[in-house]
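All remarks here apply to the structure that follows.
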Amino acid sequence: MTVSIGVLAGMGPRSTAPFIDMLVTDCHVGYGAKYDMDFPKMHIISLPTPFWPGKKIDDDAMIATLQQGISELVKAKVSLIAVPCNLAHCYFAEMKAASAGIPLLHIADSALKSLPAEVTRVAVLATEPTLDAGFYQARIEASGKEIIDSSLLREMTTSLIERVKTKGFHDPDAQAEWNNLMSVVENLKVEALLIACTDLGPLITENAFSFVIVDTAASLSSATIKNYRRLSGKTTGEIHITG
């Protein structure tokens, strides 16, 4: 049986390509994948969802949309499912109910495993619904760490997400807002920062600050390929001899 990966992405649309690139890189780094046949089969859905930054979500509409996407991956008979969107995990139970028993990875679980053990003060940059859902805060506190939050961080994050959605990662104003946000994080004496919005991850080009930055999408990518390797028994890439 062919082991395949299902990716329910598109939330937002600009975050899909970077996540797929992460998966490909993790295959290369993780088990030496090099040639086309060394990489996993993937079913990728870029799913438009009813979300607008700063506006209340219609839960019923969001659940119906996410379950439709999961159901399409089930029909494709994928072996595991990754959803590179933190906000979608507010509806993890509903997505899991539609997954027909196919393993569905939780982005917060993989992110917490990426936090250095020695850090104690952790901030999370995410949409308001993701923060209000509390699944990051619960995991951070359960690990014995302190969650750092402020209304200013939330307001600046919401503004930046909306700018990225409308202008893109490379917009000069988006870059400026990102730098300002990082300065606020540093002033809060944060030791680790979770980027819990896949629209923001591509803004991480370097870290000149005193805190660790964990991209939750990158953590999910790594966990996805580890699970793929476990299911497929793939430890190293095949050696192809030519000539």
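Given segment 63-108 reduced to its alpha-carbon atoms as identical point scatterers, what log10 I(q)/I(0) does the Debye formula return at q = 0.13, 0.25 Å⁻¹? Per q value, in the given order, log10 I(q)/I(0) is -0.22, -0.86. Considered as an equivalent ellipsoid built on the Cα gyration tensor, segment 82-166 has semi-axes of 23, 19, 11 Å, the largest given first.
For the chain, the 222 nm mean residue ellipticity estimated from helices alone, with every DSSP H stretch of n ≥ 4 adding -39500 (n - 2.57) and the total spread over all residues, rounds to -14000 deg cm²/dmol. Each listed q (0.09, 0.10, 0.11 Å⁻¹) maps to a log10 I(q)/I(0) for the chain, found by the Debye formula over equal Cα scatterers with no solvent: -0.39, -0.48, -0.58. Size check on segment 134-241: the Cα extents along the three principal axes, sorted descending, read 53, 37, 25 Å. Kirkwood hydrodynamic radius computed over segment 21-61 comes to 13.4 Å, based on all pairs of distinct alpha carbons. Were the residues from R121 through D171 laid out at 0.36 nm apart, the gain over their Cα-Cα distance would be 14.9 nm. Scoring 53-63, 152-162 by mean Cβ neighbours within 10 Å over their residues and listing the highest first yields 152-162, 53-63.
Carbon and sulfur: what percent of segment 36-143's accessible surface (1.4 Å probe)? The computed percentage sits at 53. Highest mean packing comes first when the peptides 192-202, 108-118 are listed by Cβ atoms within 10 Å, giving 192-202, 108-118.
The values are calculated or read from the model by the stated rules, or taken from the named source; none is laboratory data. Only a predicted model underlies this, so the values are computations on that prediction, with no experimental measurement involved. For neighbour counting, all protein chains shown are included, and Cβ atoms are generated from backbone atoms with ideal geometry for every residue, glycine included. We work out accessible area using only protein heavy atoms, side chains counted, and drop any ligands, DNA or RNA first. Shrake-Rupley method; radii C 1.70, N 1.55, O 1.52, S 1.80 Å.
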